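S.K.: Have a look at this one before I ask anything.
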Amino acid sequence: MSKVRFPRILAAVALITVTLIGQDIDEAIRLFNSYHFERSRVIFNEVVKDENNPRIAEAYYYLGRLSLAPDSAISFYRKVITKYPQSRYADVAHLEIAKIHFARKDFNNTIITLNQLLRTFPDTGVKDEVLFWLGVSYISSGKKEEGTRILQELRTAYPKSVWSERTLRVIPGSEPAVGQSYFTVQVGSYRDKNNAETFAGEIRSQGFDVQVVEAFVKGNTYFRVWVGKFASREDADTFSLKLDALGIKGNVVKSN
């Protein structure tokens, strides 16, 4: 009987271990999505200490997202690509590296990285976004015809994608003078002012103009994190793309 029970015990222990590992990473992702970056970073750093962790590639990917220094982020993404090429995060790791190159205006390496991504992962689930950055990079590098062709391909293949819509915002329009109202990019909204100030500080450390704005909505107070001031929505949209390239997601809003 003991010979039968022992394998079952081992199997149960293994199942419990995997479950706990998954719960740790899921909690880290939840913290990441709620802007508790330092707490999530601690968990991810613990995860990558175990090379046998089945979700280690995922942890490396998020550590890249959490890195404020571009070179450090690239290092984490390259670990995903080289050590875990079959991971479902390998293609998006390529994409994140490409967006860092784009933010640095290194359009040649952006193009090389994105084309490599498409060759390695022809059925990638982020192909619409890949085509967007590829088209914009070609245009930015002076190859307007090639870039336009790729953006047209994006609009044809993914007409309902947000990236297809963004192709219309690549070239800014006229620039009216900044008056009392302006356009900005909202990257967060918090009920707790301290959380808003902490997040604003992290973005400000990267050299951006950031402000925390208090807003009252249906009797509740929110603290919104705004980045930049622009005379036109087109300029704000273009700046939003640059923030996106750095992993900072936001929406363009107009001040009152």
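S.K.: So what is the relative contact order for the chain, in percent, with contacts set as C-alpha pairs under 8 Å and at least six apart? If you can, show how the numbers build up before the last one.
M.R.: On the way: 330 pairs, mean separation 32.1, N = 256.
Result for the chain is 13 percent.
S.K.: Take Thr124, Thr156, Thr221, Thr110 and order them by how many other Cβ atoms sit within 10 Å, fewest up front. Let's see the in-between values first.
M.R.: Working: Thr124 18, Thr156 9, Thr221 12, Thr110 26.
In order of increasing Cβ crowding within 10 Å: Thr156, Thr221, Thr124, Thr110.
S.K.: What area, in nm² and to one decimal, does the C-alpha convex hull of the chain cast on average over all directions? Walk me through the intermediate numbers first.
M.R.: Numbers: hull surface 73.4 nm².
Result: 18.3 nm².
S.K.: Tabulate in residue order the Karplus-calculated ³J(HN,Hα) for the range 106-116, using 6.51 cos²θ - 1.76 cosθ + 1.60 with θ = phi - 60°, rounded to whole Hz; enter x for Gly and Pro.
M.R.: 8, 5, 4, 5, 4, 5, 4, 5, 5, 5, 5
S.K.: Collect residues whose amide H, placed 1.01 Å from N in the peptide plane, falls under 5 Å from the amide H of Arg104; neighbours closer than 5 in sequence don't count.
M.R.: none
S.K.: Each residue of the range 123-128 in turn: what ³J(HN,Hα) in whole Hz from Karplus with 6.51, -1.76, 1.60 and θ = phi - 60°, glycine and Pro shown as x?
M.R.: Calculated HN-Hα couplings, in order: 9, 3, x, 10, 4, 4 Hz.
S.K.: May I pose another question? Per-residue ellipticity at 222 nm for the chain, helices alone: DSSP H runs ≥ 4 residues times -39500 (n - 2.57), over residue total, nearest 500 deg cm²/dmol? Could the numbers behind the result be given before it?
M.R.: Values: 11 runs with 154 residues, N = 256.
Here the helix-only value at 222 nm equals -19500 deg cm²/dmol.
S.K.: Apply the Karplus curve 6.51 cos²θ - 1.76 cosθ + 1.60, θ = phi - 60°, to the phi angles in the range 229-237 and return the couplings in whole Hz, x for Gly and Pro.
M.R.: Here the 3J(HN,Hα) series is 9, 9, 6, 10, 4, 4, 5, 5, 4 Hz.
S.K.: Modelled label-to-label distance, Asn194 and Asp209, 7 Å Cα→beta-carbon offset: nm?
M.R.: Using points 7 Å along Cα→Cβ, the separation is 3.0 nm.
S.K.: With the crude spin-label approximation of a point 7 Å out along Cα→Cβ, what separation in nm comes out for Glu38 versus Lys249?
M.R.: 2.4
S.K.: Follow-up question, since we're still on this one. Check Ser189: other-chain or 5+ apart residues with amide H under 5 Å from its amide H, H built from backbone geometry?
M.R.: Val225
S.K.: Using packing as a proxy for protection, rank 190-196, 237-243 so that the peptide with the highest average count of other Cβ atoms within 10 Å comes first. Kindly include the intermediate steps, with their values, before the conclusion.
M.R.: Details: 190-196: 14.3, 237-243: 19.6.
Output ranking for 190-196, 237-243: 237-243, 190-196.
S.K.: So between Glu145 and Lys49, what do we pick up on full extension, going 0.36 nm a residue minus the alpha carbon distance?
M.R.: Length difference between fully extended and current span is 29.8 nm.
S.K.: Turning to a different aspect of this structure: Test of understanding: in a Gaussian network model of the chain with alpha carbons linked when under 10 Å, which of Tyr61, Tyr222, Tyr77 would top the mean-square fluctuation ranking?
M.R.: Tyr222
S.K.: Full-extension gain between Thr221 and Asp71, please, as 0.36 nm times their residue separation minus the C-alpha to C-alpha distance. The partial results should precede the final answer.
M.R.: Numbers: separation 150, 0.36 × 150 = 54.00 nm, distance 3.77 nm.
Full extension of this stretch gives 50.2 nm more.
Here, each number is a calculation from the coordinates, and none is a lab measurement. Please read all numbers here as calculations on a predicted model, not as lab measurements. Backbone-built Cβ (ideal geometry, glycine too); neighbour counts: all protein chains shown.
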